[in-house]
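Okay, so here's the structure we're looking at.
Read the figures in this text as sums done on the coordinates, not as results from a lab. Everything quoted here is computed from the prediction, not taken from an experiment. Neighbour counts are summed over all protein chains in view; Cβ atoms, including those assigned to glycine, are modelled from backbone coordinates with ideal geometry.
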Amino acid sequence: KARRMLAAAPARIRRAVDRAVEQEAHLCRKEIVQGLTSGSPGGKRLAPLAASTLATRRARGMRGTKPLIARGDLRRSITVRRTPGGVFVGILRSARSRDGERLVDIARVHEFGKVVVYRMNDKARRAVAMMMRAAGVEPSGPGSKNGIVVNKIPARPFLGPVFAKLEKGAPARVFGRVVRLLAKGK
């Protein structure tokens, strides 16, 4: 009986470790989703939305005012997936928004920020100003002969702060789960 138990031990331990790591991944996903909902992933407050962003959302018929939650596509795309080397937590490359945009690209922009430069002619500039006025925001900023508009999307990290917060206690949590799973005989 002892030989059988010892022979089966490595497989039991491997299953317990795999299950414990997957449970940790689900905890991480839960924290990311709650952080997006509260506006403070990992306890770090997200930068508020610019008035122009809120105006654009209103013009598109969106009522949301929270950073990173226009319709919830990004929040819903946070996934836990088993891989041969462990567990993946994040946004899959195949994830798409309702509009067909790649959510991994959107997540990258928000995690790290981005500077966008537009070259606008007078007609485009008038159209943007009209849209902003219709949404209740008076356009501001310097005009230019070249029609260059620089839009800075600030970094609003929502994955990194959660990973940093959870990594401190992860080994102890996973070890505790492994012990509990082995004690239950699973």
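Sum up the charges of everything whose Cβ sits under 12 Å from the Cβ of SER40, counting Lys and Arg as +1 and Asp and Glu as -1, but leave SER40 out.
Computed value for this residue: +4.
Do the sum for the chain: with -39,500 (n - 2.57) for every DSSP H run of n ≥ 4, divided by all residues, what is the mean residue ellipticity at 222 nm, to the nearest 500 deg cm²/dmol?
When only DSSP H runs of four or more count, the value is -16500 deg cm²/dmol.
Measuring from centroid to centroid over Cα atoms, what is the spacing of the range 38-93 and the range 160-186 in Å?
26 Å
Sorting LEU92, LEU159, LEU27 on the 10 Å Cβ count, fewest up front, what's the list?
Result, fewest neighbours first: LEU92, LEU27, LEU159.
Note the full-extension length gain between PHE112 and ALA129 as 0.36 nm times their separation in residues minus their Cα-Cα distance, in nm to one decimal. Spell out each step's value before the answer.
Details: separation 17, 0.36 × 17 = 6.12 nm, distance 2.81 nm.
Value of the extension gain: 3.3 nm.
How do LEU36, LEU54 line up, fewest other C-beta atoms within 10 Å first?
Fewest to most other Cβ atoms nearby, the residues stand as LEU54, LEU36.
What's the lysine pair count for the chain at a Cα cut-off below 17 Å, pairs eight or more apart or interchain?
8
Please work out which option in [x] 1.15; [y] 1.45; [z] 1.04 gives Cα Rg over 2.2 N^0.38 Å calculated from these coordinates, and answer with its label.
Computing Cα Rg over 2.2 N^0.38 Å and matching it to [x] 1.15; [y] 1.45; [z] 1.04 gives [y].
If we count other beta carbons within 10 Å of each Cβ, what is the order of HIS26, HIS110, fewest first?
The order, fewest Cβ neighbours first, is HIS26, HIS110.
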